[in-house]
Amino acid sequence: AQSVSQHNHHVILSEAASLELGCNYSYGGTVNLFWYVQYPGQHLQLLLKYFSGDPLVKGIKGFEAEFIKSKFSFNLRKPSVQWSDTAEYFCAVSIGNYGQNFVFGPGTRLSVLP
Amino acid sequence: EAGVAQSPRYKIIEKRQSVAFWCNPISGHATLYWYQQILGQGPKLLIQFQNNGVVDDSQLPKDRFSAERLKGVDSTLKIQPAKLEDSAVYLCASSLEGGGGETQYFGPGTRLLVL
């Protein structure tokens, strides 16, 4: 079974600092990659996704992620975080054209200090 | 556009009791997912429906969990009998067709506490 790991359990940053959250997956074939975010008191929602094409994908609120196939990685980045980015971030992976075996990582909690 | 609806929002039961959760997906979405999210962990897929057929239920504990989506729209997830370790948030999500790169839209979840 495939697995997803996220490098950090809890990250604390000051406003305007740069952010990089690590994500690695185990499956060697065709994958679809996602970052979901859960703001306090809100539903899980999609931040960005990759399923083909340009490995550098841009999402909402200034976030971007880069798919590096050789490293089995899909790291999330933002050049300057805001207090409103405080949330739980989940990396997720599915396999193939029909999105089988959807697996979430354990999540990284981001706290941004004003 | 209405989002994914779930009920109840909270449920407290004693172990060995049964419980059922209901989900109504976004109108027109063919694919429906149920997840279990234990505190401090990422959501774990329990079952995925495409219309009223099961696509993936490999992680559903079938001795106690069951789910159905009879008319290809709303769905129920049942636990019978419940165990202490079933305490979690149960999330429902839907997507348009279930293709590999599709976005899933999540409901607010049902928080279950088993005493």
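Structural remarks
- Per residue accessible area in Å² of chain A, where ligands, DNA and RNA are left out and the probe is 1.4 Å: 48 Å²
- Whole-Hz couplings from phi, Karplus 6.51/-1.76/1.60, listed for the stretch A:100-109; x for Gly and Pro: 6, 6, 5, 10, 9, x, x, x, 10, 8
- Based on the convex hull around the alpha carbon atoms, the protein assembly as shown presents an average projected area of 12.5 nm².
- Rg [Å, one decimal], Dmax [Å, integer] - chain B, C-alpha atoms: 13.3, 40
- Of B:T103, B:T110, A:T30, the order by accessible heavy-atom surface (1.4 Å probe, DNA, RNA and ligands excluded), from most exposed downward, is A:T30, B:T103, B:T110.
- Mean sequence separation of contacting Cα pairs (under 8 Å, at least six apart), scaled by the length of the stretch A:31-101, corresponds to a relative contact order of 37 percent.
- Computed with a 1.4 Å probe on the full set of protein chains, the accessible area for A:S5 sits at about 60 Å².
- Under 5 Å, built H, 5+ apart or other chain: amide partners of A:S26: A:S3
- Note on surface exposure: B:R9, B:R16, A:R77 rank B:R16, B:R9, A:R77 by accessible area, highest first, 1.4 Å probe.
- Using the Karplus relation 6.51 cos²θ - 1.76 cosθ + 1.60 with θ = phi - 60°, the per-residue 3J(HN,Hα) values for the stretch B:52-59 come to 9, x, 8, 8, 8, 9, 5, 10 Hz, with x marking Gly and Pro.
- Sulfur and carbon atoms: percent of accessible area, the protein assembly as shown [1.4 Å]: 52 percent
- Spin-label zone in the stretch A:1-17 - amide nitrogen under 20 Å from a point set 7 Å from the Cα of A:W83 along the C-beta vector: A:11-17
- Chain A contacts chain B over a buried accessible area of about 1500 Å², both sides summed; the probe is 1.4 Å and only protein chains count.
- For the stretch A:4-113, the Stokes-Einstein estimate of translational diffusion at 10 °C and a viscosity of 1.306 mPa s comes to 114 µm²/s, using the Kirkwood hydrodynamic radius over alpha-carbon pairs.
- Share, in percent, of DSSP beta bridges within the protein assembly as shown that are antiparallel, nearest 5: 90 percent
- Per residue value of the accessible surface for chain B (all protein chains in place, 1.4 Å probe), Å²: 49 Å²
- Taking all protein chains as shown and a probe of 1.4 angstrom, B:W22 keeps an accessible surface of around 90 Å².
- Residues of the stretch A:74-114 with an amide N closer than 20 Å to a point placed 7 Å from the Cα of B:S58 along the Cα-to-Cβ direction: A:91-106.
- Heavy atoms of B:Y105 accessible to a 1.4 Å probe, total area in Å² rounded to 10: 110 Å²
- With every protein chain in place and a 1.4 angstrom probe, the accessible-area ranking of B:D57, B:D63, largest first, reads B:D63, B:D57.
- Net charge dipole, chain B: roughly 480 debye, given to the nearest 20, about the Cα centre with Cβ charges of +1 for Lys and Arg and -1 for Asp and Glu.
- The length gained by stretching the chain between A:A1 and A:K61 to full extension, at 0.36 nm per residue less their Cα-Cα distance, is 18.3 nm.
- Drop in accessible area of at least 50 Å² in the complex versus isolated chain, residues of the stretch B:42-73, 1.4 Å probe: B:P43
- Whole-Hz Karplus values for the stretch B:86-92 come out as 7, 4, 4, 9, 9, 9, 10 Hz, taken residue by residue from phi with 6.51 cos²θ - 1.76 cosθ + 1.60 and θ = phi - 60°; glycine and proline positions read x.
- Measuring nothing but how far apart in sequence close Cα pairs (under 8 Å, 6+ apart) lie, relative to its length, chain B scores a relative contact order of 37 percent.
The values are calculated or read from the model by the stated rules, or taken from the named source; none is laboratory data. Given the structure is predicted, the values throughout are model-derived calculations rather than measurements. We place every Cβ from the backbone using ideal geometry, glycine too, and count neighbours over all the protein chains shown. Remember, those area values only see protein heavy atoms, side chains included, never the ligands or the DNA or RNA. Shrake-Rupley method; radii C 1.70, N 1.55, O 1.52, S 1.80 Å.
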